[in-house]
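Okay, structure first, notes after.
The values are calculated or read from the model by the stated rules, or taken from the named source; none is laboratory data. The structure displayed is predicted, hence computed values, not measured ones. No Cβ is skipped: glycine too gets one built from the backbone with ideal geometry, and neighbour counts run over all protein chains shown. Surface areas here come from the heavy atoms of the whole protein model, side chains and all, with no ligands, DNA or RNA. Shrake-Rupley method; radii C 1.70, N 1.55, O 1.52, S 1.80 Å.
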Amino acid sequence: MLKINKDDLKPLHIQLYEELKQSILNTMKAGEKLPSIRKIASIYNISKITVENAYSQLVVEGYIESIPKSGFFVSEDLYNSATLVQTKNIDEEKKELEYQYDFYPSRLSADTFPLKIWKRVYNKVINESLHLGKYQDGQGEFGLRKEISKYLNESRGVNCNPSSVVICSGFPNAASLIARLLKTEYKRLAMENPGYYVVKGVFEDYGYKIDKIPIQKNGLDINTLENSNSKIVYTTPSHQYPTGVTTPISKRIKLLEWAEKNQGFIIEDDYDSELSFVNKPIPSMQGLDKNQRVIYMGTFAKSFSPAIRVSYVVLPNLLIEKYNLLYDSSISRVDLTLQKTLEEFIAKGYWDKHLRKIRTINKKKHNLMKKAIENYLGDYVNILSEGAGLNINIYPKTSFDWKKFKDLGEENKIKLYFASDISGGDWEASRLGFGGLRENDIENAIKAFSKIWLESII
């Protein structure tokens with residue numbers, strides 16, 4: 001609960017702002033949705049204007065971001081920002097810095113970003129030919145959409161062209177766009193369970209009812225989906241989030257048949273598709289679709305940088321006209337200079353070169369971590385997911401005290417992450433991120449991790 005004292009001389013909106021900021025810094029996660037303005041006003045019996053003023057200040061300072069018609073979310077790049085460290089008090093900063101190992105599940109190490117090339121490309125596009133005196137194309141700059149569609153065609157087997165691509169500002173913005181496009185015809189969303197909590201939050205904010213579809217060893221349960229009342233489904237078939245399961249071609253075809261039979265849509269989030277270390281990335285489901293029933297989503301966050309906040313949606317022809325009728329279809333979501341820099345970066349071949357580098361680096365880190373897990377904990381854990389993405393999920397083979405394990409992590413300065421934090425308690429595992437660790441630190445990190453794991457076995 002937030003501490004709001006109406007007898008205090010300090011204005012209510014300042015009290016609320018300070019309380020929310022501390023909550024964001026201390027207890028909330030990147031991408032987590034904040035309560036609505038109406039809900040906060042109701043709980044604490046204060047005016048909506050007071051809440052709006054507090055939220056507005058948090059947006060201005062970069063602690064949260066406002067997604068139109070979706071709500072307010074903790075800024076996803078907040079915890080990677082040097083600014084955050086500067087805003088913390090000494091005790092908070094000391095606490096963060098004292099972690100010996102941080103197993104953050106979806107982080108790239110800072111030295112993997114091609115900063116010198118990016119700066120050179122940026123300086124090239126910032127010239128007199130860049131028209132900064134007019135409004136941008138709300139769908140995204142044509143040149144960037146052209147490069148993205150070319151890349152998706154060649155590497156992911158996506159059937160698209162520049163006119164079907166929409167550039168968005170991060171994943172929540174892309175999810176919000178899809179929710180708005182479909183809400184007049186559909187009232188329910190089926191989604192994987194466990195699944196990505198951000199999607200659930202965005203669609204619920206638009207009034208959708210959520211049908212949870214269990215994940216099997218080969219993807220979501222088609223029978224449960226068919227027995228639900230939903231006609232749209234969100235899925236991550238290439239590398240299911242968070243279990244890591246891959247959906248085979250047979251089940252993909254069944255999903256496409258389901259969508260066509262129900263005149264519905266599949267929202268395909270191509271999560272982690274570019275970071276496959278064992279097998280060649282599986283082509284997209286969208287590329288199999290002959291009936292324009294797949295909405296394809298992608299982002300540059302995991303393979304390039306979460307800080308640039310660029311994502312994209314590939315719309316089927318059935319929804320292009322509907323998109324053009326949206327009130328904000330002419331409003332650009334991403335800064336013009338960022339779009340032009342990314343366009344040039346892809347066009348000149350730097351993107352392909354970067355992807356090859358990222359795959360090589362993280363494949364090595366993945367293999368080092370897997371080997372260390374097997375060496376130190378092989379008899380005590382099951383590896384639930386591996387071979388792709390930026391983390392490995394493990395689960396105990398025997399009875400295990402999860403609370404003791406979490407407490408030992410804090411005591412031993414090891415930052416731990418759990419599947420239950422993102423699945424709402426529907427699924428548990430320890431999520432061991434390797435992307436943000438240095439190669440030389442991985443074995444020692446797992447050695448320290450294994451010590452507290454073994455102490456937590458009942």
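Applying a threshold of 7 Å to beta carbon distances and a minimum spacing of six or more residues, or different chains, the list of pairs starting in segment 1-24 at a residue that is over 11 Å from Ile46 (Cβ atoms) and ending at one that is open to solvent by 70 Å² or more (accessible area, probe 1.4 Å) and outside any loop (DSSP other than H, G, I, E, B) reads Tyr17/Gln57. Contact annotation: residue pairs with Cβ atoms under 8 Å, 6 or more positions apart or on different chains, pairing a residue in segment 235-248 that is under 8 Å from Tyr271 (Cα atoms) and open to solvent by 10 Å² or more (accessible area, probe 1.4 Å) with a partner that is at pLDDT below 80 and of a type in the set (Phe, Trp, Tyr), are Ser238/Tyr271; His239/Tyr271; Tyr241/Tyr271.
For segment 301-324, a residue qualifies if it is at pLDDT 85 or above, surrounded by fewer than 22 Cβ atoms within 10 Å (Cβ to Cβ) and in a loop (DSSP other than H, G, I, E, B), and exactly one does: Pro316. The condition of being modelled with pLDDT under 75 and either under 20 Å from the mean Cα position of the chain (by Cα) or buried (at least 22 other Cβ atoms within 10 Å of the Cβ) (or both) does not hold for Glu268. For segment 385-410, the candidate set comprises residues that are in contact with a helix residue (DSSP H, G or I) (Cβ under 8 Å, 6 or more places away or on another chain) and within 22 Å of Gln100 (Cβ to Cβ); within that set, the residue that is surrounded by the most Cβ atoms within 10 Å (Cβ to Cβ) is Ile392.
Would you call Ile446 open to solvent by less than 10 Å² (accessible area, probe 1.4 Å) and in contact with a helix residue (DSSP H, G or I) (Cβ under 7 Å, 6 or more places away or on another chain)?
Criteria met by Ile446.
From the set of residues in segment 423-438 that are farther than 19 Å from Leu384 by Cα and in contact with a strand residue (DSSP E or B) (Cβ under 9 Å, 6 or more places away or on another chain), which is least open to solvent (accessible area, probe 1.4 Å)? This residue is Leu437. Suppose the filter is surrounded by fewer than 20 Cβ atoms within 10 Å (Cβ to Cβ), of a type outside the set (Gly, Ala, Ser) and over 23 Å from the mean Cα position of the chain (by Cα); does Tyr197 pass it? Spelling it out, it is not the case that Tyr197 is surrounded by fewer than 20 Cβ atoms within 10 Å (Cβ to Cβ), of a type outside the set (Gly, Ala, Ser) and over 23 Å from the mean Cα position of the chain (by Cα). Taking the criterion of being open to solvent by 10 Å² or more (accessible area, probe 1.4 Å) and not aliphatic (A, V, I, L, M), the residues of segment 366-384 that qualify are Asn367, Lys370, Lys371, Glu374, Asn375, Tyr376, Gly378, Asp379, Tyr380, Asn382. A count restricted to segment 325-355 and to residues that are open to solvent by 40 Å² or more (accessible area, probe 1.4 Å) and assigned to a helix (DSSP H, G or I) stands at 5.
Scan segment 400-424 residue by residue and report those that are more than 23 Å from Met191 (Cα to Cα) and in a strand (DSSP E or B).
Scanning segment 400-424 gives Phe400, Ile414, Lys415.
Of all positions in segment 412-422, at least one carries a residue that is at pLDDT below 90, open to solvent by less than 10 Å² (accessible area, probe 1.4 Å) and under 26 Å from Gln240 (Cα atoms). The number of residues in segment 362-407 being farther than 16 Å from Tyr104 by Cα and hydrophobic (A, V, I, L, M, F, W, C) comes to 10.
Residues of segment 1-28 that are surrounded by fewer than 14 Cβ atoms within 10 Å (Cβ to Cβ), among the charged types (D, E, K, R) and under 25 Å from Ile422 (Cβ atoms): none at all. Scanning segment 423-458 for residues that are farther than 15 Å from Pro242 by Cβ and charged (D, E, K, R) yields Arg438, Glu439, Asp441, Glu443, Lys447, Lys451, Glu455.
One residue stands out in segment 137-175 among those that are open to solvent by 10 Å² or more (accessible area, probe 1.4 Å) and within 13 Å of Asp335 (Cα to Cα): the one that is farthest from the chain's Cα centre (by Cα), namely Asp137. Being crowded, with 18+ Cβ neighbours inside 10 Å and hydroxyl-bearing (Ser, Thr, Tyr) is the filter; apply it to segment 200-227 and report the residue that is farthest from Phe72 (Cα to Cα). Only one residue fits best here, namely Tyr208. Scanning segment 114-136 for residues that are within 25 Å of the chain's Cα centre (by Cα) and within 18 Å of Asp335 (Cα to Cα) yields a total of 1.
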